[in-house]
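Presented below is the structure to which this report refers.
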Amino acid sequence: MFKRTIFIAMCLGILLYVDGFAAELTLELNFAKPATEKIIAPKPIAKAQEVSGNVIIDITPYPSVVEKDRYLVEYFLDDQLIFRTTGFDENSPDKLSFKYLFDTDKYQNGEYKLIVNFWDESGPSAIGIKVIAINNEQQ
């Protein structure tokens, strides 16, 4: 029993250690407007956000309905697909998560467009874009 408790505590410590050192980056989704709504010019793309190491990428807002195989989220770095998820986890069927642990060490330093496509089989789709600057020399 004591060994099991020590093992569980060590595992939790490792998870907190890894999670505590990963930066977070959230992309805001822009949903298409109905044709009857007034057209508003999109916000200009802001200055690049500098990232390095492991970065947790996520989206906002999250869907309010949890349905298996309803959603698809694709993350692109410029025009390269880097991650795809339905957001559904068999271990937590009542919860969605579209998070992606992005390892910047796999890419050259420089500016990139991080693009997320959010597909909803039963509702509106959306897109989010953020400019990032990978700078792994600071680590």
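Hey, could you check the stretch 102-112 for residues that are touching a residue at least 40 places away in the same chain (Cβ under 8 Å) and touching a strand residue (DSSP E or B) at 6+ places or on another chain (Cβ under 6 Å) and say which is surrounded by the most Cβ atoms within 10 Å (Cβ to Cβ)?
In the first step, residues of the stretch 102-112 are kept if they are touching a residue at least 40 places away in the same chain (Cβ under 8 Å); the result is 102-105, 111.
Still in the running and touching a strand residue (DSSP E or B) at 6+ places or on another chain (Cβ under 6 Å): 102-104, 111.
Working: PHE102: 23, ASP103: 12, THR104: 21, GLU111: 13.
Per the criteria, the residue is PHE102.
With respect to PRO63, is the statement that it is at pLDDT below 95, surrounded by 14 or more Cβ atoms within 10 Å (Cβ to Cβ), touching a Lys or Arg at 6+ places or on another chain (Cβ under 9 Å) and not in a strand (DSSP E or B) true?
Spelling it out, PRO63 is indeed at pLDDT below 95, surrounded by 14 or more Cβ atoms within 10 Å (Cβ to Cβ), touching a Lys or Arg at 6+ places or on another chain (Cβ under 9 Å) and not in a strand (DSSP E or B).
Here are GLY53, GLY13: which of them is modelled with pLDDT of 65 or more, surrounded by 10 or more Cβ atoms within 10 Å (Cβ to Cβ) and among the small types (Gly, Ala, Ser)?
Working: GLY13 fails: modelled with pLDDT of 65 or more.
It is GLY53.
What pairs can you find where one residue is in the stretch 39-52 and among the polar types (S, T, N, Q), the other is in a loop (DSSP other than H, G, I, E, B) and at pLDDT 65 or above, and their Cβ atoms are less than 6 Å apart, with a gap of 6+ or different chains?
Every condition considered, the pairs that remain are SER52/ASN135.
The values are calculated or read from the model by the stated rules, or taken from the named source; none is laboratory data. The model shown is predicted, which means the values in this text are computed figures rather than measured ones. As a convention, Cβ positions derive from the backbone with ideal geometry for all residues, glycine included, and neighbour counts pool all protein chains shown.
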